[in-house]
Amino acid sequence: MSTQIAVRLPDEMVEFLDRSVARGEAPSRAALVTSALEREMRRLAAEHDVAVLTERGTADDLDVVVEWTAAHVAVGD
């Protein structure tokens, strides 16, 4: 599902969107804005992950399982 919204952008940003679409770098203004927002959402999620790992460390409940598996299971070619 998608929702149409109105966004006011500076002229230079609209010109950038239009140039990108004209060059075939994006299928539409909306597609380019969506791509930029998705990238920003991933960046913020990554920053959150870094903060959690910094606070709690990288150890987790599966470390023991990984160590046991590495010592006891042979992986064939």
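Bear in mind that the values in this text are calculations on the coordinates, not laboratory data. Fair warning: this is a prediction, and the values are worked out from it, not measured in the lab. Methodologically, a virtual Cβ is constructed for each residue, glycine included, from the backbone with ideal geometry; neighbour enumeration extends over all protein chains shown.
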- request: Counting helices only, and only those DSSP H runs with n ≥ 4, report the 222 nm mean residue ellipticity of the chain as the sum of -39,500 (n - 2.57) divided by its residues, in deg cm²/dmol to the nearest 500.
  value: -21500 deg cm²/dmol
task: List the DSSP H helices in the chain whose Cα atoms stretch 15 Å or more along the helix axis and whose mean Kyte-Doolittle hydropathy is at least -0.5.
output: 11-22, 29-56
statement: Each label sits 7 Å from Cα toward the beta-carbon; between residue 8 and residue 68 the label points are separated, in nm, by 6.2 nm
